[in-house]
Amino acid sequence: MLTTEQVEVFNFKGALRGMRNPKASWHLSDTIFDDAGGAILTIGENDRKLALTLVTSGSDHRKFIRQILVCMDIMAPDYWWKEMDTYKVGTIANSTSTMHKLTSRPLTPEDFSWDESTAFRQETLEHLNHLISNYKELLKNDQTEQAKKIWRQLIQDLPMSFNYTRTWTGSYENLRNIYHARSNHKLSEWHDFCKTIESLPFSELITI
């Protein structure tokens with residue numbers, strides 16, 4: 001399971017202006033922007049043609065898409081994040097904290113990317129919640145050292161299907177690398193993420 005929320009795109013105006021710097025062709029720009037926020041209202045045909053030409057001419061020519069920034073909240077299981085971490089160069093992510101929040105409440109099936117409920121998964125959930133309950137009880141009784149041992153056991157027993165939310169920031173270039181490497185991946189979470197990419201403004205810059 002993967003979900004994306006709060007998706008924002010920044011600096012299209014600056015990036016499209018910058019792509020025309022090499023030939024000083026700013027006067028040919030025909031994209032209409034929202035004056036308040038700089039978002040694209042209508043992509044101009046001149047800008048579209050030049051942008052796609054540069055993108056398909058190779059990484060040296062499409063530098064401008066590295067200036068188009070994207071920020072979003074992504075909730076996904078640990079096994080997906082381990083693959084997403086391949087694309088750390090030029091990206092930033094702030095994650096929900098296992099250290100601080102894992103023991104704040106009982107866990108539920110919604111905290112995991114489980115396609116279906118099984119007896120083993122139910123036993124796992126009960127085991128984890130038993131550890132959480134023990135951890136809190138030990139802390140309440142000032143048994144700090146024993147609580148640390150329980151906490152380590154909890155972290156070690158947490159399945160890779162546990163969901164984390166990260167606020168992720170990267171560029172269209174980052175997303176282009178991801179899209180072309182992962183769009184046919186066997187993990188369904190990658191398909192969901194690629195659908196989010198396809199929904200971005202002027203996503204042809206990424207998907208072409």
Links that overshoot a 29 Å alpha carbon limit, given the list Lys13/Lys88; Lys88/Lys195; Lys49/Lys82; Lys49/Lys195: Lys49/Lys82
Report the convex hull volume per residue for region 34-147, counting only C-alpha atoms, in Å³. 210
The convex hull of the Cα atoms of region 132-204, divided by residue count, gives a volume in Å³ per residue of 142
At a Förster distance of 30 Å, what's the computed FRET efficiency of Glu198 paired with Asn46, Cβ-Cβ distance as r, to 0.05? 0.80
Could you tell me the relative contact order of region 103-157? Use alpha-carbon pairs under 8 Å, at least six residues apart, and round to a whole percent. 35
Segment Ile208-Thr56, extension gain: residue separation times 0.36 nm, minus the distance between their alpha carbons: 54.0 nm
If I fit a long axis through the Cα atoms of helix 45-55 and take the longest principal axis of the Cα atoms of the chain, what angle between them do I get, 0 to 90°, rounded to 10? 60
Protection-proxy order for peptides 16-23, 139-146, each taking the mean of Cβ atoms within 10 Å per residue, highest first: 16-23, 139-146
Which whole number in µm²/s is D for the chain by Stokes-Einstein, with the Kirkwood Rh taken over Cα pairs at 37 °C and 0.692 mPa s? 166
Compute the angle between helix 172-182 and the longest alpha-carbon principal axis of the chain, please, reported from 0 to 90 degrees and rounded to the nearest 10. 60
Can you grab the distance from the C-alpha centre of region 59-135 to the C-alpha centre of region 1-45, Å, no decimals? 31
Using a Cα-Cα cut-off of under 20 Å, which lysines could be cross-linked to Lys140, ignoring same-chain neighbours fewer than 8 residues away? Lys101, Lys148, Lys149
Sketch the reach of a paramagnetic label on Ile92 as a point 7 Å from Cα along Cα-to-Cβ, and name the residues of region 164-208 whose backbone nitrogen lies under 13 Å away. 167-171
Taking region 103-157, the equivalent ellipsoid from its C-alpha gyration tensor has semi-axes in Å, biggest first, of 24, 10, 8
Whichever aspartates and glutamates have a C-alpha closer than 20 Å to that of Lys23, once near sequence neighbours (fewer than 8 apart) are set aside: Glu45, Asp47, Asp60
Please give, to one decimal in nm, the separation of the simple spin-label points placed at Asp30 and Lys101, each 7 Å out from Cα toward the Cβ. 4.7
How high is the relative contact order of the chain? Use alpha-carbon pairs under 8 Å, at least six apart in sequence, and give a whole percent. 29
Any chance you could get the radius of gyration and Dmax over the Cα atoms of region 64-108, in Å? 14.0, 47
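Every number in this text was worked out from the coordinates using simple rules, so none of it is lab data. Keep in mind it's a predicted model, so treat the numbers as computed, not measured. Glycine gets a Cβ as well: all are built from the backbone with ideal geometry, and neighbour counts include every protein chain shown.
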